[in-house]
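The values are calculated or read from the model by the stated rules, or taken from the named source; none is laboratory data. Predicted model only: the values in this text are computed from it and were never measured. Here the Cβ positions follow ideal geometry from the backbone for every residue, glycine too, while neighbour counts run over all protein chains shown. The accessibility values were calculated without ligands, DNA or RNA, using every heavy atom of the protein model including side chains. Shrake-Rupley method; radii C 1.70, N 1.55, O 1.52, S 1.80 Å.
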Amino acid sequence: MPVIKVSNLSKIFGKKTKEAQRLLDEGYSKEEILEKTGCTVGVNRASFEVEEGEVFVIMGLSGSGKSTLVRLLNRLIEPTEGDVEIDGENLATMNKEDLRNIRRQKMSMVFQKFALFPFRTVLENTEFGLEVQGVSKEERSEKAREALELVGLGSFVDQLPSQLSGGMQQRVGLARALANDPEVLLMDEAFSALDPLIRKDMQDELLDLQEKMQKTIIFITHDLDEALRIGDRIALMKDGSIVQIGSPEEILINPANDYVEKFVEDVDRSKVLTAEKIMKRPETVNIDKHGPRVALERIREQGLSSIFVTDRSRNLKGYVTADDVSEARKQGKSDLREILRTDMPKVDKETSVHDLFDIIHDSPVPVTVVEDGKLRGIIVRGSIIAALANGSEVDGNDA
Amino acid sequence: MMLSMTKFTLLSFITSMEEFFGNTIPVAEGVDRFVEWITETFNWFFDPVKNDFGNLIENFAELLASLPASIVILLAVVLAYFLSGRRFALPVFTLVGLLFIYNQQLWEQLMFTFTLVLVASFISVIVGIPVGILMSKSSLAEAIIKPILDFMQTMPAFVYLIPAVVFFGIGMVPGVFASFIFATPPVVRFTNLGIRQVSKELVEASDAFGATGKQKLFKVELPMAKTTIMAGINQTVMLSLSMVVIASMIGAPGLGRDVLSALQRAQEGPGFVAGLSIVILAIIIDRITQNLNKGKA
Ligand SMILES: Nc1ncnc2c1ncn2[C@@H]1O[C@H](COP(=O)(O)OP(=O)(O)OP(=O)(O)O)[C@@H](O)[C@H]1O
Ligand SMILES: [Mg+2]
């Protein structure tokens, strides 16, 4: 069962919401509706589901309705229409008290400009959520300290927010959200106010934390790099509507329409980056020296599903799969040639990342980078995404 | 034909206008009757306020006046020292100023004036802050209360001195009442402003963590608005101090009475001394309340 299920969720700001909704359904644009009724379309019939432990990124240009959508999820903004279900309970029709309990126990929010209480210390800020629940002083202090420890601010408990740098303040924001151990984290452009280096640190840190905590995270951003780095799935918004939902790869490879394509094109690195820049050193076995035993060992050591096979002078011969190798061993075969496969995709060093998308999409094994018949490197799916998200610096191009 | 018709209607219009403006609408009588009605209906309230509350304030003022001046001055200087962040300007000014007033034989009057200001400001604040909160929470309340505040601040004081006397007789109590009317608006306005100024994100943060309305008010909004509210309180205190001369016209004892009697007898010297004493008190109270704000903000 999804943790969050949003169906047909709309928000129209203004007085004549009925009329605006009707015009919207008739296909009028956001601007036309504003002109005709004076109403602003915030979110237009959004539907999606978010699974437990997923990082769901909502991306879009300024004014596309991201903040509105995330605030509909905890009903900081009242929906005009539609449902928001959290663990099967519908927030949209819930009474105030139940809503408060959901906010206290199930979801926390991290804000773009941190929204820390300036007159409260770091610890007191972190305790806020527990304090309003009426948790005892010792218990909330303990939990808040744990949360601060988690974000690396254990020794700053008595400082005031104004004494901390932006990155540290947002860690407090994160700790405050984590302190009441919610199921769902709502993060509205949580890192947008930070400068690029700190921002990258925070993204990494969030991913590390996420590995430990396995929360369900709704992350808002207007930045494709950020979306690619941290999203398990990405939803793209335009003028209040969700225009595409998919994995980072799907969004990059198959943009649903021109809007998405434009967005993705901004990552023009995909044209600049070449195979050479993002390839990794391949794990190989030597067909002249090694048999199934060595191949299996290396496959196991590295946690692979297949391994490439070369000769003494690194000429690419093919690859063998883990299953084939272990079968061969059982049958006592000693030559890799018998189980060698050769249907791996080959590209040269100059192939652009953009072209790689299509090739890698339907390949079961990594793409090989070959020069004069010699294996120079391999490219796995993850390194394309990582390369795009990381800018130009890429790990492991030492082939 | 057309022309004479127009002439006719115009003429009759003018005569009816004259008739209308010739007869005064009985606003004054209406107010008279209204005040009379209030006095009779709310007697159960005015009487005890006039007597019991009046006695209480006067006793308090007399108690203050009966304390040895040296001790009161010492306390004031110590308070000024600590509240001004252990600097010397304010305590020295307090010491010299109060000694001067004592030397001019105005000490007892000073204690009465101080009591009047203290009581009036206190009532203004405990009424004003909740009203300000109400205003900040409801735009309807704001729309209703704002013009009332304008009315209270711009209506000449002499106008409500009359009902003040009718309701509360003469003495300290009508003085407090007049001062309340005049001095309450700033604390109401500033409380409203302070709460409305709290950033939207902070309000959202407190909502998002599931704070109740009350928790939001006490844990977020009031602490955030504190500096602004304190500025309002400072103004309220200053305004109520500026009412002491007017309050003395309806029998409130204190420095105001000396100013008033000097005015009536055209004695520049004593008038100046009493006036100067009010200014000294004003400066001391102003700086102390301002520092109260800075100290904890
Ligand atoms: N309280 C409001 N009243 C009226 N219109 C609003 C309100 N809040 C948002 N809007 C409108 O709704 C639309 C979506 O705004 P929203 O803040 O959700 O965009 P966003 O995607 O978060 O943009 P940004 O990246 O700038 O934060 C905008 O056209 C905005 O003007
Ligand atoms: Mg936004």
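Data for the structure
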| item | result |
| --- | --- |
| Any hit, the range A:186-194, residues being within 14 Å of another protein chain (Cβ to nearest Cβ), modelled with pLDDT under 90 and either away from ligand 2 (no atom under 16 Å from the Cβ) or not in a helix (DSSP H, G or I) (or both) | yes |
| Those residues of the range A:45-98 which are away from ligand 1 (no atom under 16 Å from the Cβ), farther than 20 Å from A:A227 by Cβ and buried (at least 16 other Cβ atoms within 10 Å of the Cβ), in sequence order | A:E85, A:I86, A:L91, A:A92, A:M94 |
| Selected residue (only one of B:T94, B:T39 is farther than 30 Å from B:I280 by Cβ, of a type in the set (S, T, Y), open to solvent by less than 90 Å² (accessible area, probe 1.4 Å) and assigned to a helix (DSSP H, G or I)) | B:T39 |
| In the range A:196-231, residue nearest to ligand 2 (Cβ to nearest atom) [restricted to those that are more than 27 Å from A:E146 (Cα to Cα) and not in a helix (DSSP H, G or I)] | A:H222 |
| Every pair of residues 6+ apart whose Cβ atoms lie under 7 Å, when the first sits in the range A:58-79 and is within 14 Å of another protein chain (Cβ to nearest Cβ) and more than 13 Å from A:E189 (Cβ to Cβ) while the second is within 10 Å of ligand 2 (Cβ to nearest atom) and of a type in the set (K, R) | A:I77/A:R71 |
| 3 or more residues among the hydrophobic types (A, V, I, L, M, F, W, C) and in the same structural domain as A:L340 (by TED's automatic domain parsing): qualifying strands (runs of 3 or more DSSP E) within the range A:279-326 | A:306-310 |
| Single unsatisfied condition, A:E183 versus (1) modelled with pLDDT under 90; (2) open to solvent by 20 Å² or more (accessible area, probe 1.4 Å); (3) of a type outside the set (K, R) | (1) |
| Test: residue in the range A:4-25 that is under 30 Å from A:D204 (Cβ atoms) and surrounded by 20 or more Cβ atoms within 10 Å (Cβ to Cβ) | yes |
| So A:G129, is it assigned by TED's automatic domain parsing to the domain that holds A:V157 and in contact with a Gly (Cβ under 8 Å, 6 or more places away or on another chain) | yes |
| Selection within the range A:80-112 - at the interface with chain B (Cβ under 10 Å from one of its Cβ atoms) and not basic (K, R) | A:E97, A:L99, A:N101, A:I102, A:Q105, A:M107, A:S108, A:M109, A:V110, A:F111, A:Q112 |
| Flag if B:A183 is in contact (Cβ under 8 Å) with a residue 12 or more places away in the chain and touching a Leu at 6+ places or on another chain (Cβ under 8 Å) | yes |
| Among (1) within 13 Å of chain B (Cβ to nearest Cβ); (2) modelled with pLDDT of 95 or more; (3) crowded, with 24+ Cβ neighbours inside 10 Å, the one test that A:F219 misses | (1) |
| Helices (runs of 4 or more DSSP H) lying entirely in the range B:199-267 (those with 3 or more residues that are more than 14 Å from chain A (Cβ to nearest Cβ) and surrounded by fewer than 22 Cβ atoms within 10 Å (Cβ to Cβ)) | B:222-242, B:255-264 |
